[in-house]
Amino acid sequence: LTNKQGGWEKTSGWRWLLATILINIAGDDETGNSFSFPFWVQLLRSKHKLIQSKRIKAEISCRMLMSMTINMYIRRIVFCTAPVFLGTEDHPMDYLKDCLAIFFITKLD
């Protein structure tokens, strides 16, 4: 994970626990929005004249699939592996920097 020799000897259970707590108590304001299936269904069923063409509906369906892949699956993988990654940090500033980076990246989406 961090190009260090020796495996898991320098891993801290306390840092892992703190990261797990941070990930679980972080709200949507810090982590970005999750996938919203009702939004996409409403968009596909819209009667607006621009959305009635088959090309636009296909593009919306493709975007819905990409949004679902990132916001449901990849986002959860990042949040589940973040405590393991953060548990291997040696320096407190690196720990804080990586916590902020994880939340910043997920907030961008």
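May I ask you to give the percent of accessible area on the chain that is carbon plus sulfur, with a probe radius of 1.4 Å?
Here carbon and sulfur together make up 65 percent of the probe-accessible area.
Give the accessible area for CYS80 in Å² (nearest 10); use a 1.4 Å probe, count only protein heavy atoms, and leave out ligands, DNA and RNA.
Answer for CYS80: close to 80 Å² accessible.
Hey, what's the chain come to in accessible area per residue, 1.4 Å probe, Å²?
In whole numbers, the chain has 75 Å² accessible per residue.
As a test of the formula, what do you get for the chain when each DSSP H run with n ≥ 4 contributes -39,500 (n - 2.57) and the sum is divided by the residue count, at 222 nm and rounded to the nearest 500 deg cm²/dmol? Mind showing how you got there, number by number?
Numbers: 6 runs with 69 residues, N = 109.
That comes out to -19500 deg cm²/dmol.
If I take every Cα pair under 8 Å that is 6 or more residues apart in the chain, average their sequence separation and divide by the length, what percent do I get for the relative contact order?
50
The values are calculated or read from the model by the stated rules, or taken from the named source; none is laboratory data. What you are looking at is a predicted structure, and each value in this text was computed from that prediction instead of being measured. SASA here: full protein model, heavy atoms, side chains in, ligands and nucleic acids out. Shrake-Rupley method; radii C 1.70, N 1.55, O 1.52, S 1.80 Å.
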